[in-house]
Amino acid sequence: MQSEQEIPTGARRGIILLCFLVAVLEGFDLQVIGVAAPQLTRELGLTPQEIGWAFGASLIGLAIGALAGGRLADKVGRKPVLVGSVLAFGAATLVSSWAWDYHSLFVLRVLTGLGLGGTFPNVIAIASEVTAKARVTITVASISCGLAVGGIIVSLMAKLAPGGMDWRGLFIVGGALPLLVVPALWYFMAETKRVAPRGQGVRTPIGEALFGAKQAGPTLMLWIVFALTLLQLSLLLNWLPTLIIAKGFPPAQAFLTSLVLNIGSIFGSIIAGFLCDRYGARGPMATGYLLMALVMYLLSLAGDMDMLLVLAFWAGFLVLGAQFALYGLAPKVYPDQTRGTGVGAAVAAGRVGAISGPLIAGQMIGAGATGDQVVLLMVPLALLAGGALLALAHMAGSRLHAGGAIAH
């Protein structure tokens, strides 16, 4: 195991590149079901409620995997948990290509989520531990762009593949690529966690790690911001193509909105990460959530395709940008020895919100609500998330100020 000081600069860059690659693969496998949903729904004969549960299935597994994976990594090390998680979500996605009905799809997406959940908290922790403290937010936010890049790739693949690629082909690609990357992770990824001696396990109990030493307030506010932001994110990623089709536009244009959404998120995450490192989290993030509410309101009213594309870009810029910046801020809330536990718990709490999004949308549409009404629901959620972010910035103090050091 190597400490941050012992890892050469070139090796750190290689680690960050591997983290980005893993994020791309995770983004592909997380968003593939949303892109495949219109075709998958027809072939398997799924109801709106069933496709809502299918969207939420991976998020259920992800919530469990994030908490368990982050905690396990604090005990045995980041690298083995990361490698095992990538292997798990790749295998589960590959097998998902043979789903034959709603029940098989649901189980396989839960298993996929377990692997996805153990992956990203460790990517965040590793990246934050090999990066200069003043650049943690921008580095992790930039790596998080990989999630959007993965979404862009799956959208383009569905739209541009010669002869068209059906949903099963998308799942095969999404499963095979992580399995091919596993050997590179095993041989080239450095261990950044100083593991406790055998038999001692994690020194800090999970309750104390999350709620001790004045951590309760920041932990709870971080959970609320993650949950509300991810609820909106899951609605956009999973339901946007279906909602666009419901407005009367063809499937090709629905996929185009997903592409534009992910492109916007890349710009948003980098700019949000830069602003948070430069000026602190309070001002940039609070402004972002206020603008987010405005964009969601306008998106619910839009009926012109050009305007929908513009608003989809800004929705991605603000919602995914905020989420990716949160991934960069979360490690600053916790000390080194409990960072995996803290970040994993935050991601898990966020996935509780993310699970709710598709289920709420499925129930609303099944009850006769329009897509515009589903989008309009996100306006108050954005405002509440902004309020919780302001509370977090106040409670965490200097840790989230410009260039704030990670607490030790």
Quiz item: Does GLY84 meet the test of being surrounded by fewer than 24 Cβ atoms within 10 Å (Cβ to Cβ), closer than 17 Å to VAL22 by Cβ and of a type outside the set (Lys, Arg)?
Solution: yes
Quiz prompt | Residue tally, condition assigned to a loop (DSSP other than H, G, I, E, B) and either surrounded by fewer than 24 Cβ atoms within 10 Å (Cβ to Cβ) or acidic (Asp, Glu) (or both), over the stretch 311-353 | solution = 1
Practice problem: Report yes if GLY169 is closer than 26 Å to ALA37 by Cα, open to solvent by less than 10 Å² (accessible area, probe 1.4 Å) and assigned to a helix (DSSP H, G or I), otherwise no. | Solution: no
Quiz prompt | Test: residue in the stretch 302-310 that is in contact (Cβ under 8 Å) with a residue 40 or more places away in the chain, touching a helix residue (DSSP H, G or I) at 6+ places or on another chain (Cβ under 6 Å) and open to solvent by 30 Å² or more (accessible area, probe 1.4 Å) | solution = yes
Quiz item: Out of curiosity, is LEU228 surrounded by 24 or more Cβ atoms within 10 Å (Cβ to Cβ), among the aliphatic types (A, V, I, L, M), under 17 Å from the mean Cα position of the chain (by Cα) and closer than 17 Å to LEU383 by Cβ?
Solution: yes
Quiz item: Looking at the stretch 144-155, is at least one residue within 13 Å of the chain's Cα centre (by Cα), among the hydroxyl-bearing types (Ser, Thr, Tyr) and open to solvent by less than 40 Å² (accessible area, probe 1.4 Å)?
Solution: yes
Exercise. Mind telling me which of the residues LEU291, LEU243 ends up being without any contact (Cβ under 8 Å) to a residue 40 or more places away in the chain and hydrophobic (A, V, I, L, M, F, W, C)?
Key: LEU291
Quiz item: Restricting the search to the stretch 13-45, which residues are surrounded by fewer than 20 Cβ atoms within 10 Å (Cβ to Cβ) and either charged (D, E, K, R) or in contact with a Pro (Cβ under 9 Å, 6 or more places away or on another chain) (or both)?
Solution: ARG13, PRO38, GLN39, THR41, ARG42, GLU43
Practice problem: Please enumerate the residues belonging to the stretch 365-398 that are outside any helix (DSSP H, G or I) and more than 23 Å from the chain's Cα centre (by Cα). | Solution: ALA367, GLY368, ALA369, THR370
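Conditions tested, residue by residue: (1) hydrophobic (A, V, I, L, M, F, W, C); (2) open to solvent by 40 Å² or more (accessible area, probe 1.4 Å).
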| position | (1), (2) |
| --- | --- |
| ILE355 | yes, no |
| THR370 | no, yes |
| GLN373 | no, yes |
| LEU377 | yes, yes |
| ALA396 | yes, no |
Exercise. Answer yes or no as to whether PRO48 is under 30 Å from TRP223 (Cβ atoms), open to solvent by 20 Å² or more (accessible area, probe 1.4 Å) and at pLDDT below 80.
Key: yes
Quiz item: In the stretch 248-257, which residues are open to solvent by 10 Å² or more (accessible area, probe 1.4 Å) and among the small types (Gly, Ala, Ser)?
Solution: GLY248, ALA252
Quiz item: Considering only residues of the stretch 93-131 that are in a helix (DSSP H, G or I) and of a type in the set (Phe, Trp, Tyr), which is farthest from ALA346 (Cα to Cα)?
Solution: TYR102
Practice problem: Among what's in the stretch 100-112 and is within 13 Å of ILE64 (Cβ to Cβ) and without any contact (Cβ under 8 Å) to a residue 60 or more places away in the chain, pick the residue that is surrounded by the most Cβ atoms within 10 Å (Cβ to Cβ). | Solution: LEU111
Quiz prompt | Members of the stretch 183-208 that are surrounded by fewer than 16 Cβ atoms within 10 Å (Cβ to Cβ) and modelled with pLDDT of 90 or more | solution = PRO183, ALA184, TRP186
Self-check item: Given (1) under 17 Å from the mean Cα position of the chain (by Cα); (2) modelled with pLDDT under 80; (3) open to solvent by 20 Å² or more (accessible area, probe 1.4 Å); (4) of a type in the set (A, V, I, L, M, F, W, C), index of the condition ILE245 fails
Solution: (1)
Practice problem: Considering (1) within 28 Å of PRO241 (Cα to Cα); (2) surrounded by 24 or more Cβ atoms within 10 Å (Cβ to Cβ), say which one MET364 fails and leave the rest. | Solution: (2)
Practice problem: Return the residue satisfying two criteria in turn: it lies in the stretch 258-281 and is of a type in the set (Ser, Thr, Tyr) and under 18 Å from ALA315 (Cα atoms), and of such residues it is surrounded by the fewest Cβ atoms within 10 Å (Cβ to Cβ). | Solution: SER258
Quiz item: Is there a residue being open to solvent by less than 10 Å² (accessible area, probe 1.4 Å), part of a helix (DSSP H, G or I) and among the β-branched types (Val, Ile, Thr) anywhere in the stretch 282-291?
Solution: no
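The values are calculated or read from the model by the stated rules, or taken from the named source; none is laboratory data. Predicted model only: the values in this text are computed from it and were never measured. Heads up, the Cβs are rebuilt from the backbone with ideal geometry, glycines too, and the neighbour counts pull from every protein chain shown. To get the accessible areas, we keep the full protein, side chains included, count just its heavy atoms, and leave off ligands, DNA and RNA. Shrake-Rupley method; radii C 1.70, N 1.55, O 1.52, S 1.80 Å.
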